[in-house]
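What follows is a single structure, written as C-alpha cells, with notes after it.
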Amino acid sequence: MKKSIILAAACASLFTAAATADIRWDYVGAGYTDANLDGPYIEGSMRLDNNWVVDASFSALSKHHYDVNVLQAGVKYLTGFRLDFSPKTQTYVLAGFETQFRDADKTGGYAGLGVRHPLTPQVELYSEASYHTINDNHASLAGGIAFYFSPDWAVRSNIALNSNDVKNEFRFGVSYQF
C-alpha cells in the first residue's frame, strides 16, 4: 500500500511539474545517426502559428564505399487535443517527403501521428508512429527525449524501430532553441 501511494505521488508530481513547462518547437540541431548507414545530421523545426510546425533534416550517411544523403522535410499539425491529467501534452498529425540521393536514388512520403510531453521544465519526451513509402514501405515507431541543460541548449536522443527489413535508427545530438 505504501509503495502504491509513493508511486501515485511521484506520478502526480511529474505531471504537476510538467504543467509549468512548455514544448519548444523552434530549434536547430546537429548530431550523429546510427542505422544500417551512419554519419552526421543537421535538423531544424519552426512553429509557424498555433497549429503548424515545419521541420527538416539532412543526413550524410555512409558504410564502406556506399554514401547516401538523406533529405527529409515535413509539417506537423498540432491538433489541440489535450489530456485531462497532462494539459501541456501536445498531439499532432505529421506528413512530409524524404529522398535519398548520391549512391541511392529513392523518394517517398510519410504520414503519422505523434505526441510530445514536457515531463519537467528540463525534460521533454516524444513518440511518433508513422508509415513511410520509401525503402519498400515500412512502419516506424519512434521515441525520444530532450534534456535542456540551459534555456537555449538541449541534448537530444531518439530511437526509431522500423518494420520490414529497414534497419532501426538511433540519433544523438545537441540543439539550440530560439
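The values are calculated or read from the model by the stated rules, or taken from the named source; none is laboratory data. Since the model is a prediction, treat every value here as computed from it, not as a measurement. Reconstructed Cβ throughout: ideal geometry from the backbone, glycine too, with neighbour counts over all protein chains shown. The accessibility values were calculated without ligands, DNA or RNA, using every heavy atom of the protein model including side chains. Shrake-Rupley method; radii C 1.70, N 1.55, O 1.52, S 1.80 Å.
Numerical summary
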{"item": "Test result for Leu37, crowded, with 17+ Cβ neighbours inside 10 Å, more than 26 Å from Asp152 (Cβ to Cβ) and modelled with pLDDT under 95", "result": "yes"}
{"item": "Check on Ala160, assigned to a strand (DSSP E or B) and either open to solvent by 30 Å² or more (accessible area, probe 1.4 Å) or not small (Gly, Ala, Ser) (or both)", "result": "no"}
{"item": "Residue selected from the range 59-97 under the condition among the hydroxyl-bearing types (Ser, Thr, Tyr), under 19 Å from Asp38 (Cα atoms) and open to solvent by less than 60 Å² (accessible area, probe 1.4 Å), by the criterion modelled with the lowest pLDDT", "result": "Ser62"}
{"item": "Residue in the range 98-148 that is most open to solvent (accessible area, probe 1.4 Å), counting only those that are within 19 Å of Tyr77 (Cβ to Cβ) and aromatic (Phe, Trp, Tyr)", "result": "Tyr131"}
{"item": "Residue within the range 17-24 that is in a helix (DSSP H, G or I), among the hydrophobic types (A, V, I, L, M, F, W, C) and modelled with pLDDT under 85 present", "result": "yes"}
{"item": "Selection within the range 25-34 - part of a strand (DSSP E or B) and surrounded by 17 or more Cβ atoms within 10 Å (Cβ to Cβ)", "result": "Tyr27, Gly29, Gly31, Thr33"}
